Amino acid sequence: MRVAAIAVTVKPFTSPATPKFTHYSVPSTSINPLKISTATENSEFSWTSLKHGSFFTHSTNSAKLARNWMEYHGNNNWEGLLDPLDDALRSEILRYGQFVEAAYRSFDFDPSSPSYATCKFPKNSLLTRSCIGETGYKPTKNLRATCGIQLPGWIDRGPSWVSTQSSWIGYVAVCQDKEEIARLGRRDVVIAFRGTATCMEWLENLRATLTSLPDDMANVGRKSCGAMVESGFLSLYTSGTATCPSLQNMVREEVRRVLDMYGDEPLSLTITGHSLGAALATLAAQDINSNFGNAPMVTVISFGGPRVGNQSFRHQLEKIGTKILRIVNSDDLITKVPGIVIDNNDIANKQDVKVAGLPNWVQKRVENTQLVYADVGQELRLSSKECPQLRKAGVAACHELGTYLQLVNGFVSSNCPFRATARRVLGKQHREKLASL
């Protein structure tokens, strides 16, 4: 992703780093809530089940999830679940993180490989061969994204990986296991996207100016709503070739098929992604809710995503009921770009966009640059500096998916940011309460 704002560009890490995990890094769907190994000599992400006596047992979490799945899926914007972080929600966030991890593990990053930029595994065995454990889901469609940038002809004389136009970006998977469906309280459909990997995707990322949302993605009857999104993200979502349909068409086709097959039962669509994948997840959710009147509840779980659109785009997402939970690391530069963010306290009927921290005479000039963005959805804000194992992490490490999963796994609340300090803080609060009696 970009580490840039307006006219200043900072070159990020040069190779797409796949998160590094131990063998036990990914949670299965049948384990207890998770905890981080706190051994200071080992900073790798190792997950183990909490022992008996935890705040919540697995059976309790499962019962809560099945009974209140719409609440955990954002029906009430996760009110009361984020601070402190509810353990059932924590397990769900981590579970969706493993689907993104599978997308990374399945992608062929090797430019010298004949299968570069494709999925290394057959569709049916994608989840098992990516070693994320038993999920109860079956992949039903591979997804590809196509760059819409037209490169000069001389580029073709260079290595083929430089100009790879279309690449495997993720997949759709449907929950088929009866026990998992019962645990979730509905049949769940996951759409998972990886982050930036190819040269052409990096080029699209750099197209930071806003462009109008196409009419077929705008909410019905609101063609002039003013919704705008980042040019490069929209290009990757809507571009196609004679031999490869656009990501948009592939998503719509599979959603239509899934609704025809399972539309008469409790169903949810969960779109998840990291970095570029988080941006594409937001666009896909907007597209689905705008074009399928019979769409079930659509929820985005995003990790380390950049900004996607302007204030009008945010209001349109809210109007059509798209639920977005953004997991943000305060120390991750990618979540602070592109452009300038507006004042998130603005209300929908204001005519003027108030740019945070800018006087009025500067504001007008900024508005004309098409670089005024707005954050969307509900935010779960974390910080690497609060994690004993990550506080010295570099810029690149702060953006890795593994870092995000480790932070989610350890987060307790804003007053007690990490599990390693939870016992001490809670004990102090208990003593203060007793002293006041």
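The values are calculated or read from the model by the stated rules, or taken from the named source; none is laboratory data. Quantities reported herein were computed from a predicted structural model and do not represent experimental measurements. With ideal geometry, Cβ positions are generated from the backbone for all residues, glycine too; neighbour counts draw on all protein chains shown. Each accessible area value is taken on the protein alone, full model and side chains, heavy atoms only, with ligands, DNA and RNA left out. Shrake-Rupley method; radii C 1.70, N 1.55, O 1.52, S 1.80 Å.
Going by the conditions given, is residue 326 under 24 Å from residue 207 (Cβ atoms), surrounded by fewer than 24 Cβ atoms within 10 Å (Cβ to Cβ) and modelled with pLDDT of 95 or more?
Details: under 24 Å from residue 207 (Cβ atoms): yes; surrounded by fewer than 24 Cβ atoms within 10 Å (Cβ to Cβ): yes; modelled with pLDDT of 95 or more: yes.
Considered against the rule, which asks whether it is under 24 Å from residue 207 (Cβ atoms), surrounded by fewer than 24 Cβ atoms within 10 Å (Cβ to Cβ) and modelled with pLDDT of 95 or more, residue 326 comes out as yes.
If we scan segment 396-408, do we find a residue that is among the charged types (D, E, K, R), modelled with pLDDT of 95 or more and more than 23 Å from residue 86 (Cα to Cα)?
Looking only at segment 396-408, we keep the residues that are among the charged types (D, E, K, R), and these are 400.
Add one more test, that the residue is modelled with pLDDT of 95 or more, and what stays is 400.
Still in the list and also more than 23 Å from residue 86 (Cα to Cα): 400.
So far as segment 396-408 goes, yes, one or more of its residues are among the charged types (D, E, K, R), modelled with pLDDT of 95 or more and more than 23 Å from residue 86 (Cα to Cα).
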(message) Need pairs with beta-carbon distance below 6 Å; first residue in contact (Cβ under 8 Å) with a residue 60 or more places away in the chain and within segment 148-166, second in a loop (DSSP other than H, G, I, E, B) and not polar (S, T, N, Q); sequence gap 6+ or separate chains.
(response) 165/147; 166/244
(message) Just the residues that are farther than 25 Å from residue 309 by Cα, out of contact with any Phe, Trp or Tyr (no Cβ under 9 Å at 6 or more places or on another chain) and open to solvent by 20 Å² or more (accessible area, probe 1.4 Å), please, taken from segment 242-287.
(response) 242, 243, 257, 260, 261, 262, 263, 264, 265
(request) With respect to residue 109, determine if the residue is open to solvent by 50 Å² or more (accessible area, probe 1.4 Å), at pLDDT 95 or above, under 27 Å from residue 238 (Cβ atoms) and not in a strand (DSSP E or B). (result) yes
(request) Confirm whether residue 301 is of a type in the set (A, V, I, L, M) and either free of Cβ contacts under 8 Å to residues at least 40 places away in the same chain or part of a strand (DSSP E or B) (or both). (result) yes
(message) Out of the residues in segment 118-134 meeting the condition of being open to solvent by 70 Å² or more (accessible area, probe 1.4 Å) and touching a residue at least 60 places away in the same chain (Cβ under 8 Å), tell me which one is farthest from residue 196 (Cα to Cα).
(response) 134
(request) Give the residue that is least open to solvent (accessible area, probe 1.4 Å), with candidates limited to residues of segment 186-222 that are out of contact with any strand residue (DSSP E or B) (no Cβ under 9 Å at 6 or more places or on another chain) and part of a loop (DSSP other than H, G, I, E, B). (result) 196
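Just need a number here: residues in segment 141-162 that are of a type in the set (Ser, Thr, Tyr) and either assigned to a loop (DSSP other than H, G, I, E, B) or open to solvent by less than 30 Å² (accessible area, probe 1.4 Å) (or both).
We begin by selecting, within segment 141-162, every residue of a type in the set (Ser, Thr, Tyr); these are 146, 160.
Now drop any that are not either assigned to a loop (DSSP other than H, G, I, E, B) or open to solvent by less than 30 Å² (accessible area, probe 1.4 Å) (or both), which leaves 146.
Of the residues in segment 141-162, 1 are of a type in the set (Ser, Thr, Tyr) and either assigned to a loop (DSSP other than H, G, I, E, B) or open to solvent by less than 30 Å² (accessible area, probe 1.4 Å) (or both).
Considering every residue within segment 225-233, establish whether at least one is without any contact (Cβ under 8 Å) to a residue 40 or more places away in the chain and over 22 Å from the mean Cα position of the chain (by Cα). Even if it seems obvious, please write down each step before you answer.
Residues of segment 225-233 without any contact (Cβ under 8 Å) to a residue 40 or more places away in the chain: 231-232.
From what's left, over 22 Å from the mean Cα position of the chain (by Cα): none.
No, that holds for no residue.
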(request) State which residue pairs qualify: first residue farther than 17 Å from residue 289 by Cβ and inside segment 237-265, second residue modelled with pLDDT of 95 or more and part of a helix (DSSP H, G or I) in any location, beta carbons under 6 Å apart, and separation of 6 or more residues or different chains. (result) 246/238
(message) Here are the criteria: (1) under 23 Å from residue 250 (Cβ atoms); (2) out of contact with any helix residue (DSSP H, G or I) (no Cβ under 8 Å at 6 or more places or on another chain); (3) modelled with pLDDT under 95. Tell me which single one residue 153 does not satisfy.
(response) (1)
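What residue, of 232, 226, is at positive phi and either outside any strand (DSSP E or B) or surrounded by fewer than 23 Cβ atoms within 10 Å (Cβ to Cβ) (or both)?
On the way: 232 fails: at positive phi.
226 is the lone residue from the list that is at positive phi and either outside any strand (DSSP E or B) or surrounded by fewer than 23 Cβ atoms within 10 Å (Cβ to Cβ) (or both).
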(request) Restricting attention to segment 165-180, report how many residues are within 24 Å of residue 113 (Cβ to Cβ) and open to solvent by less than 30 Å² (accessible area, probe 1.4 Å). (result) 6
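Yes/no per residue for (1) under 30 Å from residue 409 (Cα atoms); (2) assigned to a helix (DSSP H, G or I); (3) at pLDDT below 90:
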site: 260; (1), (2), (3): no, yes, no
site: 290; (1), (2), (3): no, yes, no
site: 331; (1), (2), (3): yes, no, no
site: 335; (1), (2), (3): yes, yes, no
site: 338; (1), (2), (3): yes, no, no
(message) part of a helix (DSSP H, G or I), without any contact (Cβ under 8 Å) to a residue 24 or more places away in the chain, in contact with a Phe, Trp or Tyr (Cβ under 7 Å, 6 or more places away or on another chain) and open to solvent by less than 10 Å² (accessible area, probe 1.4 Å): is that true of residue 89 in this structure?
(response) yes
(request) Might you let me know whether segment 375-382 holds any residue that is crowded, with 21+ Cβ neighbours inside 10 Å, farther than 27 Å from residue 288 by Cβ, touching a strand residue (DSSP E or B) at 6+ places or on another chain (Cβ under 7 Å) and at pLDDT 85 or above? (result) yes
